[in-house]
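The values are calculated or read from the model by the stated rules, or taken from the named source; none is laboratory data. Values in this document were obtained by computation on a predicted structure and should not be read as measured data. As a convention, Cβ positions derive from the backbone with ideal geometry for all residues, glycine included, and neighbour counts pool all protein chains shown. These area figures cover heavy atoms from the full protein model, side chains too; ligands, DNA and RNA do not enter into them. Shrake-Rupley method; radii C 1.70, N 1.55, O 1.52, S 1.80 Å.
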Amino acid sequence: MRRIALVTLVVDDYDEAIRFYTEALGYRLVADEPRPDGSRWVVAEPGAADHGTGLLLARAKDDAQRARVGDQTGGRVGFFLHTDDFARDHARMTAAGVTFLEEPRHEPYGTVAVFQDLYGNRWDLLQPAE
């Protein structure tokens with residue numbers, strides 16, 4: 001089997017990113033290891049029972065990388081967080097301060113709403129249609 005295991009998100013600060021992705025989005029921190037160059041290897045995965053793609057949270061190292069923080073996909077939705085209970089997760093994320101850019105809508109492919117992460121990257125919260 002082959003799959004994309006990790007996707008890099010360029011962030012401003014490791015600790016604020018860890019807090020957001022674990023507390024607001026429900027990811028689970030699975031690695032936070034110092035590296036010889038002063039950076040850290042920080043990996044968060046979807047939930048304990050989910051084997052989806054993890055996030056490698058990488059602190060921007062230079063001006064070019066800092067310019068990409070929050071705009072990794074040119075303003076398009078670039079990340080899709082699937083859920084088995086849209087109402088539950090939408091309510092929990094809203095209570096945690098996540099900014100939704102629209103009201104939930106029902107599409108042929110499922111229930112969806114666009115939200116921003118703490119840096120402005122756009123995500124879909126999506127409960128796929130059965």
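Failed condition for Ile4, given (1) loosely packed, with under 13 Cβ neighbours inside 10 Å; (2) farther than 24 Å from Phe86 by Cβ, with all others met?
Only one criterion in (1) loosely packed, with under 13 Cβ neighbours inside 10 Å; (2) farther than 24 Å from Phe86 by Cβ is unmet by Ile4, namely (2).
Could you tell me which of the residues Arg40, Arg28, Arg35 is farther than 30 Å from Thr111 by Cα, touching a strand residue (DSSP E or B) at 6+ places or on another chain (Cβ under 8 Å) and surrounded by 14 or more Cβ atoms within 10 Å (Cβ to Cβ)?
Being farther than 30 Å from Thr111 by Cα, touching a strand residue (DSSP E or B) at 6+ places or on another chain (Cβ under 8 Å) and surrounded by 14 or more Cβ atoms within 10 Å (Cβ to Cβ) holds for just one of Arg40, Arg28, Arg35, which is Arg40.
Can you tell me which residues in the stretch 111-130 are part of a loop (DSSP other than H, G, I, E, B) and among the hydrophobic types (A, V, I, L, M, F, W, C)?
Within the stretch 111-130, Leu118, Ala129 meet the criteria.
Does the stretch 95-110 hold any residues that are assigned to a loop (DSSP other than H, G, I, E, B), under 16 Å from Arg19 (Cβ atoms) and open to solvent by 30 Å² or more (accessible area, probe 1.4 Å), and which are they?
Ala96, Gly97, listed by residue number.
Enumerate the pairs (first residue in the stretch 61-84 and open to solvent by 40 Å² or more (accessible area, probe 1.4 Å); second residue anywhere and in a loop (DSSP other than H, G, I, E, B) and of a type in the set (Gly, Ala, Ser)) with beta-carbon separation below 6 Å, excluding pairs fewer than 6 apart on the same chain, so at least 6 apart or on different chains.
Final answer for the pair search is Arg66/Ala60.
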